[in-house]
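Everything below concerns the one structure shown next.
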2 protein chains.
Amino acid sequence: MTDEEWRSRASQVIPGGMYGHMSTRALPDGYPQFFRAANGCRLTDVDGNEYIDFMCSYGPMIAGYGHPEIQAAANQQRHDYDIGNGPSKEIVLLAEALTDQVSHAEWAIFAKNGNDATTICNMIARAKSGRRKILVADGAYHGAQPWAARRTNGTPEEDYVHFPTYEFNNIASVVDAAERVRGDLAGIMVSAFKHDAGQPQALTDPEFARVVRKICDDYDAALILDDVRAGMRLSLDASWTEHGVQVDLSAWGKCIGNGEPIAAVLGSEPWREAASRTFVTGSFWYQSAPMASALVTLKVLNEANAPNYIEEVGQHFRDGLAEIAQRHGHGLSQSGPPQMPTVMFDGDTRFEKGNRFCQLALSQGVYLHPWHNMFLSLAHNESVISESLDRLDKAMGQL
Amino acid sequence: MTDEEWRSRASQVIPGGMYGHMSTRALPDGYPQFFRAANGCRLTDVDGNEYIDFMCSYGPMIAGYGHPEIQAAANQQRHDYDIGNGPSKEIVLLAEALTDQVSHAEWAIFAKNGNDATTICNMIARAKSGRRKILVADGAYHGAQPWAARRTNGTPEEDYVHFPTYEFNNIASVVDAAERVRGDLAGIMVSAFKHDAGQPQALTDPEFARVVRKICDDYDAALILDDVRAGMRLSLDASWTEHGVQVDLSAWGKCIGNGEPIAAVLGSEPWREAASRTFVTGSFWYQSAPMASALVTLKVLNEANAPNYIEEVGQHFRDGLAEIAQRHGHGLSQSGPPQMPTVMFDGDTRFEKGNRFCQLALSQGVYLHPWHNMFLSLAHNESVISESLDRLDKAMGQL
């Protein structure tokens, strides 16, 4: 059965043929919808085409698909004990490891979706303060639950009425937004940096970060960091620590289990009591195998000094792409940290050129994304980057 | 390390020592918090005590912990392909299998939490109708997200302002609740039967079910069945089919992957278009291993005629318990279907006697729950039930 045949069958039993961020409906033709193998940083689609992958499952893969040591730990845990009427000791070991690793964190709660984690942060901020408003950056993605996905259908206004917006990196905007809800401000949610889909990325202005911290201090509100997408790639600490800012609550997901399903809320001491009064749970949140996977993932990331390593190979990729584009006479804008690059052609506001380039890259066996940030990993070594650049040179030549 | 020592370490790094429904804080002393092994219907805690388990992880386990055929399929899939930039063909096979199995269903969407599934049902009902109100039964559990968990801290009123309540099985009440929001009614959410924690259970009055169906028809609203807790135990179809009622949207979770993390929304044809317009997603929702697990789980449940089998062993358990209680002179009230029994002592409104009995049962190696419905499974064969009854006879004798 080909990808086309599976799509046809899918269209009968899945609304629109596929849903959410894994639907290729918003991508140009040529993107495979179904896959059959994953190894290291390579994916094989159902038609047998192999790709060097620069999306890493949209983030979860950070140490390589099928990483032997991580997979062995998860499989051993699954064999011994995965789910039952309580967690295994791994929940304690993982909470200890993460609170040791992340400087603001004194406690942890585990869940399944990144959006579970961001939602729990809101609940804890509100439970502690008795207030309701959580400021969020205009256009930022904090998940697809109704409060976060104000753009989707089926979401009444009340779901986001307590989430007024500010403009990321704009100090006057966040000062003003906080002032407007004075007396009812429970927290301010920030992303690690600006990584809104379909736009160039923007790194966090450290002065902006310090002002947000000060507002939260002045208003006795929670500074909530959504580190779901960027976590463990920029830093093995919370992503705003490098700006000299300690957050109060942080939301994690995607890569902390290297693809095993696990999310986490980490919190500082003053929020512990409120967290213990907030009833949050899910049928699979205590699963032990993803916790065993996360424990070894954390060890592997530390041993490899992952953020530095991934930044280096990402920079190699960025420099190589820039050189190729220049040589072929294309203006290319690369934004965000090298670990999570967004690549756009100058003036290509409708992504027509980007789409075509990504199609050509696919046919050369490189899986890129035309308008979403990409992800690199420990499995992207120098030789893979060089191989990718050779292929992308050909693709750019055909553009 | 003992359970007590792990609890002490947990209290340092997890708010309140444990969170959600797997915290033993609300249970009497003697309940183990941490486990290390699970096989068939038996659990082993970190201290090495073995229990015959009547909670089945609060539902997810339906075919037995570590079921060889199910586990082998999941492990093979994990080896081949679990997560990547798209799903594997298993998402199509599972959507086909579930829409074949469940008579109202023409399409499927998969997620991680049961609460993801109930939330998506709300979004689709609202997207189709353009209306906002979803009626929910007073006291029913549809998950711990803010809209569903109106009793928890950190939840502003707006989160549930569009979820007016009715009384389950009370026809006048649901007719009245619908009438009051006439013009804004998007859907009515129902449980398979009344299984509110801390209360005797109540089976669904078929006439009530038919009236709810008629209200939804009259108001062009969605009849949404939350089959997360009861699904596949009462029926291999949607749980209200036996009442002659076809629902529009159904939410599934817990047991459909026999403990692997997967939830599903199933829908009928008229809701497909709205579903395709509703953006819902999560990082791990396309994971292939839980889908492979669910495919084999469904096959195993069909081959065993699971609802009938589990009902029979559940009835054996119920009859045995009744006989033991009578012989020892205790008035016992057993409610709900035999597959998901709630057992309470007469007049024991504060569960003092129930707590004591459950403690004595634990020390005999039987894991019961004093105020939440329990769960039986395919792993509870006649010999396990007889063994359990022998042990519970001793426990009752000590009461």
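Table for the structure above
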quantity: Virtual spin-label span in nm between residue A:76 and residue A:333, 7 Å along Cα→Cβ; calculated: 4.9 nm
quantity: Per-residue HN-Hα couplings for the range B:103-115 [Karplus 6.51, -1.76, 1.60; θ = phi - 60°; Hz; x = Gly/Pro]; calculated: 5, 7, 8, 10, 8, 9, 10, 10, 9, 10, 9, x, 5
quantity: Where labels lie 7 Å past Cα in the beta-carbon direction, separation of residue A:202 and residue B:172 in nm; calculated: 6.1 nm
quantity: Label zone at residue A:1 (point 7 Å along Cα-to-Cβ), backbone N below 15 Å, the range A:32-49; calculated: A:33-37, A:46-48
quantity: Residue B:366 long-range amide H proximity, modeled H, under 5 Å; calculated: B:52
quantity: Sites matching trypsin sites (Lys or Arg not before Pro) across the range A:1-54 that sit in DSSP coil, with at most 13 neighbouring C-beta atoms within 10 Å; calculated: A:25
quantity: Theoretical FRET efficiency, 1/(1+(r/R0)^6), r = Cβ-Cβ of residue A:100 and residue B:150, R0 45 Å, to 0.05; calculated: 0.80
quantity: Note, ³J(HN,Hα) from phi for the range B:117-132, Karplus 6.51, -1.76, 1.60, rounded to Hz, x at Gly and Pro; calculated: 5, 5, 5, 5, 4, 4, 4, 5, 4, 6, 5, 6, 8, x, 10, 10
quantity: Efficiency of FRET between residue B:217 and residue A:69 - r from beta-carbon atoms, R0 51 angstrom, step 0.05; calculated: 0.35
quantity: Table column - 3J(HN,Hα) (Hz), the range B:72-80, Karplus curve with 6.51, -1.76, 1.60, x for Gly and Pro; calculated: 5, 5, 5, 5, 4, 5, 4, 5, 7
quantity: Inter-centroid distance (Cα atoms) of the range B:126-190 relative to the range A:28-96, Å; calculated: 38 Å
quantity: Degrees separating the helix B:206-219 axis from the principal Cα axis of chain B, which is the longest one; calculated: 30 degrees
quantity: For residue B:85, distant residues with modelled amide H under 5 Å away; calculated: A:57
quantity: Rounded tilt (10° steps) of A:382-398 against the dominant C-alpha axis of chain A; calculated: 60 degrees
quantity: Cα gyration tensor, the range B:97-215 - rounded (a/c under 1.5), prolate or oblate; calculated: rounded
quantity: Most positive-pole-ward Cα, A:129, A:146, A:230, against dipole of chain A from beta carbon charges; calculated: A:146
quantity: Test item: Cα-centred dipole of chain B, Lys/Arg +1 and Asp/Glu -1 on Cβ, debye; calculated: 780 debye
quantity: Computed FRET value (nearest 0.05) for residue A:387 with residue B:308, which takes r as the C-beta separation and R₀ as 51 Å; calculated: 0.35
quantity: Sequence-distant residues sharing a close amide H with residue B:107 (under 5 Å, placed H); calculated: B:267
quantity: Fewest-first sequence of A:316, A:328 by Cβ atoms within 10 Å of each Cβ; calculated: A:328, A:316
quantity: Percent of alpha-carbon pairs separated by more than 38 Å within the protein assembly as shown; calculated: 38 percent
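Only the coordinates and a few stated rules stand behind these numbers; no lab work does. Keep in mind that this is a model prediction, so the values were computed, not measured. Glycine also receives a Cβ, built like all others from the backbone with ideal geometry; neighbour counts cover every protein chain displayed.
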